[in-house]
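These notes are about the structure you will find just below.
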Ligand SMILES: Cc1cc2nc3c(=O)[nH]c(=O)nc-3n(C[C@H](O)[C@H](O)[C@H](O)COP(=O)(O)OP(=O)(O)OC[C@H]3O[C@@H](n4cnc5c(N)ncnc54)[C@H](O)[C@@H]3O)c2cc1C
């Protein structure tokens, strides 16, 4: 299908993008979620504000004990980045599993987080990494912890007029192990189930799921039980979670997959 007519503006600074934002406009990053939605006329913005040429929103650096990933950094750039491979190898692993080469070369981490698809990979990764989402509007800047960023399917804690500018992750202590295990939808490569784990040397185990429920989540029950044994964590996992059911996977099958992929993930960080 063809989208309805819209205006287009290429912003070169964050301030320019913020000034252009209105009720009728939308940020355009990689376009890999927004443009399909516009073609289906699920989304009909009057204006697109392209942020892909804003240098300040791109790149990866270490700053004040945090790894900082610009919101307009592509999945592909993250997958190949040495700082990421060194400190957050599961980010590189997860990014390299997203879609195909075209999607990875255009799609951005900020766009994926803002879109909040319940089967997206970044959500589980930022949750397990205790990341903060840095946002900016004409009212100023603020940080939103990943734990409260995802509100429901396709809905986040972003407020009117806010742009994600960066993702900030505390540099994990030396000896931290991470993994991302994903049961892939064979056509799109979205996660039918994705499980991200960060295990710190003190034994703290962060466990996050995507694809399982309509909102990605940290599994507190499994995290607490993981200090005893893998079996204990598997028994405790997914308790009280409303599990999705669709034409790819029934509720029962998805719940089973979640435990299978949790087991793989726990074995990988043991
Ligand atoms: C064939 C295909 C396969 C895919 N496979 C996967 C997969 O396996 N795993 C996966 O996780 N994803 C997958 N995706 C989705 C892909 O990762 C998208 O790139 C991502 O969901 C959206 O990022 P984007 O940069 O393209 O955002 P866009 O499509 O440009 O924007 C998406 C939404 O976010 C908003 N937005 C964008 N940037 C910002 C910002 N900085 N601040 C505030 N709002 C912003 C836009 O206004 C829009 O509402 C796939 C997509 C396709 C087309």
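The values are calculated or read from the model by the stated rules, or taken from the named source; none is laboratory data. Everything numeric in this text was worked out from a predicted model, so none of it was measured. Note that we place each Cβ from the backbone using ideal geometry, even for glycine, and neighbour counts take in every protein chain shown.
The figures follow:
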{"quantity": "One residue from 76, 59, 70 being at pLDDT 95 or above, farther than 26 Å from residue 138 by Cβ and in the same structural domain as residue 101 (by TED's automatic domain parsing)", "calculated": "76"}
{"quantity": "Candidate set from the stretch 168-187 (those that are within 16 Å of the ligand (Cβ to nearest atom) and assigned to a loop (DSSP other than H, G, I, E, B)); member that is surrounded by the most Cβ atoms within 10 Å (Cβ to Cβ)", "calculated": "185"}
{"quantity": "Condition check for residue 116: on the phi > 0 side of the Ramachandran plot and within 11 Å of the ligand (Cβ to nearest atom)", "calculated": "yes"}
{"quantity": "Given (1) at pLDDT 95 or above; (2) over 21 Å from the mean Cα position of the chain (by Cα), index of the condition residue 26 fails", "calculated": "(2)"}
{"quantity": "So residue 95, is it within 10 Å of the ligand (Cβ to nearest atom) and at pLDDT 95 or above", "calculated": "yes"}
